[in-house]
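A short write-up of the structure that comes next.
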Amino acid sequence: SRLLSRLVDQYVLPPVLAASAPNRQSPPDPAAVAAELDRARTGLASLGHFAGTGPALWGDSAGLADCALAPALVFAAEALGGAGGRDLPAAHPRVARWW
């Protein structure tokens with residue numbers, strides 16, 4: 001679970017935050033947002049590769065990874081929904097099933 005949490009911290013959340021930064025500018029740069037969301041998808045694919053098969057990302061109950069990923073995906077959907085942020089969980093079937 002610590003590995004999965006670390007993957008979120010290093011490879012999912014930073015590009016989500018970076019993708020939201022251009023949206024605070026006027027006008028946002030769609031290419032920069034798309035590039036950061038692609039980085040986040042790559043991070044989610046790595047996370048999905050290591051995730052377990054239980055109802056939580058690792059095991060039968062929510063752990064550090066679940067607690068790290070949920071707010072990152074909620075933020076992505078809220079801040080970047082129109083740019084593809086709502087679709088991030090689809091980057092890996094295991095993550096999509098968990099979400």
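The values are calculated or read from the model by the stated rules, or taken from the named source; none is laboratory data. It should be emphasised that the depicted structure is a prediction, and the values quoted were computed from it without experimental measurement. Note that each Cβ is placed from the backbone with ideal geometry, even for glycine, and that neighbours are counted across all protein chains shown. Side chains included, ligands, DNA and RNA excluded: accessible areas come from the protein's heavy atoms. Shrake-Rupley method; radii C 1.70, N 1.55, O 1.52, S 1.80 Å.
Do the conditions hold for Gly54, that is, is it part of a loop (DSSP other than H, G, I, E, B), loosely packed, with under 13 Cβ neighbours inside 10 Å and of a type in the set (Gly, Ala, Ser)? Yes; evaluated as a whole, the condition is true for this residue. Taking residues in the range 49-76 that are farther than 21 Å from Ala21 by Cβ, and partners anywhere that are among the hydroxyl-bearing types (Ser, Thr, Tyr) and outside any loop (DSSP other than H, G, I, E, B), the pairs with Cβ atoms closer than 7 Å and at least 6 places apart or on different chains are Leu64/Ser5; Ala65/Ser5.
Only a single criterion out of (1) touching a Phe, Trp or Tyr at 6+ places or on another chain (Cβ under 9 Å); (2) hydrophobic (A, V, I, L, M, F, W, C); (3) farther than 15 Å from Ser1 by Cβ is not satisfied by Ala96, namely (1). Hey, among the residues in the range 7-21 that are more than 20 Å from Leu64 (Cβ to Cβ) and open to solvent by 20 Å² or more (accessible area, probe 1.4 Å), which one's modelled with the highest pLDDT? Per the criteria, the residue is Ala18.
As a summary of the residue check, Cys67 satisfies the conditions (1) at pLDDT 90 or above; (2) surrounded by 15 or more Cβ atoms within 10 Å (Cβ to Cβ); (3) not in a loop (DSSP other than H, G, I, E, B) except for the one numbered (2).
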